[in-house]
Amino acid sequence: MMKFALCFIMKQIAILTDFGSRDNYNGVMEAVIRRINPKSTVSYISPESREFNIYAGAYLLLTSYRYFTRGTVFLVVIDPGVGTDRRPILVRTRRFYFIGPDNGVLYPAVQEDEVKGVWVLDNPKLFRKTELSSTFHGRDIFAPSAALKAAGVSENTLGTSTDPSTMVKLNLPYIRTKEEACGVVFYIDHFGNIALSIREAPPSQKVKVKMGDFSGQLRLVRTFGDGEPGELILYKNSYGFMEVGINKGNANKVINTREGENVCLGGYTQGDSSHSILAT
């Protein structure tokens, strides 16, 4: 790796991966970061994002980044296309830096915080000295880049500037008609609660929900305790997205859906436009 006179700026690095806690991948990435920038502060959004799932990773990043200190470097490795022609990128937004694969996982968060520039991480002098792995870019490209960015190395040293419009976009549609709003399943947490890419709550207290093979009428409530034990309910979750859950139960064991599946909510009475926008 190329040597730098690093100033060791105390920028936080926040890691989000699907590596899990059983294997050594997260630990090795941390070791690389601390070897390059020993004064860096490393924390985790989660080391347990759902494997290979871009929607789940994008949701966790989108709903987390704003709670971190301004200038935080987000290191996101949910990368089913590792070793292919997908690009490793760094994105500078209004308040933060995001490093990860250009596969859509960064897109909702960086769009919300306003993209100021995008760089392809293509400077081989910054990579590890040993042969670049085709299966562990988290160790060989992303972790060194995050450590160097947190230490104050410029974006133009880390890579080549590229047009932000070329970033891979994650399809998070929101289609609103007069009577219903449609989107996709955005995230399913370990409780089985099903977050949707829909923020607008219907005015009706009884809402028709269509999701894959499931179709039913759910009560719109304020919180879990407003539902009867075992009752499927609809509510706005703590991050502002509509969500289906069960009071003291697992909604996805009943509905059996997955991230990216289409969903529609009925019960809307105003608005007659039909359009598609990002749920950010």
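Bear in mind these aren't lab numbers, they're just calculated from the coordinates by the rules spelled out. Worth saying up front: this structure is predicted, and the values here are computed from it rather than measured. Methodologically, a virtual Cβ is constructed for each residue, glycine included, from the backbone with ideal geometry; neighbour enumeration extends over all protein chains shown.
Note on Glu200 and Arg86: their simple-model spin labels are 3.2 nm apart, each label 7 Å out from Cα toward Cβ. By DSSP, the beta bridges lying fully in segment 12-166 are antiparallel in about 50 percent of cases. Once you order the gyration tensor axes a ≥ b ≥ c over the Cα atoms, which shape class does segment 12-166 get: rounded for a/c under 1.5, otherwise prolate or oblate by comparing a/b with b/c? Rounded.
Summing Lys, Arg as +1 and Asp, Glu as -1, what charge do residues with Cβ under 14 Å from the Cβ of Phe214 carry, Phe214 excluded?
Cβ neighbours under 14 Å give a net charge of +2.
How would you classify segment 191-230 from its alpha-carbon gyration tensor, with a ≥ b ≥ c the square roots of the eigenvalues: rounded for a/c under 1.5, else prolate if a/b is greater than b/c, otherwise oblate? Rounded, since a/c falls under 1.5.
The residues packed around Leu60, meaning those with a beta-carbon under 12 Å from its beta-carbon, carry a net charge of -3 if Lys and Arg are +1 and Asp and Glu are -1.
Taking Lys and Arg as +1 and Asp and Glu as -1, the other residues whose beta-carbon sits under 14 Å from that of Asp18 total -3. Treating the angle as unsigned and between 0 and 90°, give the value, to the nearest 10°, between the Cα long axis of helix 25-36 and the longest Cα principal axis of the chain. Relative to the chain, helix 25-36 is tipped by roughly 40 degrees. When you work out D = kT/(6 pi eta Rh) for the chain at 10 °C and 1.306 mPa s, using the Kirkwood radius from C-alpha pairs as Rh and the Stokes-Einstein form, the result is 80 µm²/s.
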